[in-house]
Structure formats: structure tokens, C-alpha cells
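Remarks on the structure that follows.
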Amino acid sequence: MGGHWGDRLRDPVFWSDVVQLFKTVVAAVIAWVLAATTFDLPQPFLAPWAAILVVHATVYRTFSRGLRQVAAAVLAVLLAALVGNLLGLDTVAVAVLIVLALGLGSLPWFGTETTTIATTALVVLTTGFSDDTRLLSRLLDTGIGIAVGLAVNVVVWPPLRRRTAIVAMNRIDDGIGELLVDIGTALDQGGGVVDVAGWIERTRDLDEELDQAWALVRQARESARMNPRRAAHEFRDPTYWTDLLRRMEQAVAETRSMVRTLGGPLNPSDSWEPAFAGPWTSLLVAAGQAVADADPGEIGAVRTRLEHLVDELSAGGRSGQWPVHGALLINLRNIIDAMDEVAAANPLGQPPVPLSRLRRRPAGGPGPAA
């Protein structure tokens, strides 16, 4: 249990969620206090309601969706007043209100606010709509909540989702390196057993992690838009990150291609020439370890060894197995070429998470970058 919470306290995703929760609570409480105490509104529940709805994960989304929220809330209040004054408060009025509200909410401009108009209008209809004073009160409640939500998300540590993206990217190259090591070790010690299905499934898992990393990078870029923090500028166009992700995508694709070649008709233990099998599997393990350790120097050394192996095989003449050997050599070369820049960039720099003193360090000092 202690280890679990230790990991959570060092997890940037966890701290992003904590900060977002704190800001949402602060916005809702401030909106309630202003509506109930400062403006002395009779039923100020719409203020915290609106504040909760507009505190989003990024400042840009807060403003872009806040505009839709303003329009949805105003339409909801006006629609409730119109239906209430025409039909009163009964089952027919509720049904008509919900149909009209959901119809308006389904318009493309409102995006994800499909049900906001309906729920807000239903609350207003059932709690009072009978005069202009109450109508203005509902509009003021909503306006206070929206304004407070926007202000809190901008002023109180505006979110910059760089940590989550960086952590996701730093984990992917570890997975690529570990997979290469496992493949090389299995080929060297496994007696010809080639787990093609299992290795391909692991490449698919890496593809899913890459998709998640792309989504987090897009979110980090969005979080930098309209963000007043000085650190936001460099993340508004994170071309460096996208280049690294493309390199990791290529490495995963090359690994999958290599695994499919390994599962071909030539069984490694029975058909590979000794001059190729031993050196190549050794290089595969070394490359995987260098990628997992994010060691660009070692990756360069593996590249040099690979070039020497190609020269030796070429000097010895080409056998009938050369197409398979050549394919595997090209796959490994492409993986090395793709991952050298990733290793040089890893670990990507990021500010420490809160309670960073809780970070565990090995007795001999900090471990290798990963």
C-alpha cells in the first residue's frame, strides 16, 4: 500500500487531477458565496452549477466551451420562462421543455453541451419562473458561476498538460527496448521457439500507448493556448515532441515487420547461418538495452557493430538465406536510426511534481535515464 501511494505521489497525472479537482471546488464555492452572500440571490444554486461546468482541463477549452456554456445557460433560462408562462408547470410542460431543449442542444454549434440546456432549463422550470425578477436572478446566478469558473481556471495555476505527455512518451521507448531484448533473448536461448503472436500483440500495445501519447501531446498544445504562464510558449507548437513520436512509431512498425519475418518459413534455429544468427541476436539484445536505457552512445556503438556485420556477411558471399537476413538487418538498422534521437532527448525535461522529495533514489545515486 505504501509503495502504491508513493508511486501515486510521484505521478504527474495524479497531481494534474488533484489540481483540477481543487480548482473546481474553489470555483464552485466562490460562485456560491458571491451569489448567496454578496448578491443575496434567493436560490443561488445555478452559480456553483455553472462554475463546475466551465472549469475544464485547459484554459483554451474553458473559454471556447465557456462561450457555449453561456449561450446554453441563457437559452435554458429563457426557454424555461417561455414554456412555464405558456403552459405552467405540469407533465405536458416538462415534456415540451425537454423536447425543445434537447433539440436546441443537438445543434452542431453546441458540441458536447447537448444536455446542458435541457438539465438547466428543467431545474429553472421546476424551481421558479413566474416573474421577471426570478428570471433575472437565474441569469445572474448563471453569469456569476461562469465568470468565476473562467477566472479561477486562468488565475489559479492555469493547467499546462506537459507532464502527462512527457511521462507517456518517456515510457514508450522503455517498452520498445524491453521488447527488443526479449525477442533477442528468446531467439538466443529459446531453442527456436518464436512467439510471433505474443510479440506482435506487444507491438499493438505500444501502438495504443503511442495513440494515447499523441492525444496527450495535442492536449498539451491546447493547454498552452491562451495560457498566461511563461512556460506555455514553447508548447504551443511542440514540433520536437511530434518528431520523437513519429520516430517511435517507425520503430514499432519496424519491430512488427521484423517479428513477422521471424515467423516466416525459415526457422531461426534450423536454417540460419551461424555467421548471422549469433551476431545478429547479440546486436538485437544490445540495441534493445540501449534503447531502454536511453543511451545514445551505446546506440551509436550498436550501429557501428551492425555495419561491420553487414560488411562481413557481404564479403562471405550471399546464400539463399540472404533475403531474410537482409530484411532483419534493415529492420534493426531502421530501429536504431529511429531511436537514436529519442534516446538523446530522453528523459524529456519537466518540472518536479509536488512532494518531489518523496522521489526514491537508488543507494548509488540516480539510475539511468528512462
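The values are calculated or read from the model by the stated rules, or taken from the named source; none is laboratory data. Keep in mind the model is a prediction, meaning the values are calculated, not measured. Don't worry about glycine lacking a Cβ; one is built from the backbone with ideal geometry, like all the others, and counts go over all protein chains shown. To get the accessible areas, we keep the full protein, side chains included, count just its heavy atoms, and leave off ligands, DNA and RNA. Shrake-Rupley method; radii C 1.70, N 1.55, O 1.52, S 1.80 Å.
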query = Full extension from L136 to R305: what is 0.36 nm times the residue separation minus their Cα-Cα distance, to one decimal in nm?
reply = 53.1 nm
Inter-label distance, nm, simple model (7 Å from Cα along the C-beta direction), D195/L67 = 5.3
query = Order of 26-32, 49-55 by packing, highest average Cβ count within 10 Å first?
reply = 49-55, 26-32
Gain upon complete extension [D337, T37; 0.36 nm per residue less C-alpha separation] = 101.6 nm
query = Got a sec to turn the phi values of region 199-206 into Karplus ³J(HN,Hα) couplings, 6.51 cos²θ - 1.76 cosθ + 1.60 with θ = phi - 60°, whole Hz, x for Gly and Pro?
reply = 5, 5, 4, 5, 5, 5, 4, 5
note = FRET efficiency (T242, T127; Cβ distance; R0 56 Å; to 0.05) is 0.70
note = Once Lys and Arg are counted +1 and Asp and Glu -1 for all other residues with Cβ under 11 Å from that of R303, the total becomes -2
ask   = Based on the Cβ-Cβ distance from V94 to R171, what FRET efficiency comes out when R0 is 35 Å, to the nearest 0.05?
value = 0.10
Exposure ranking of F22, F110 by accessible area [1.4 Å probe, largest first] = F22, F110
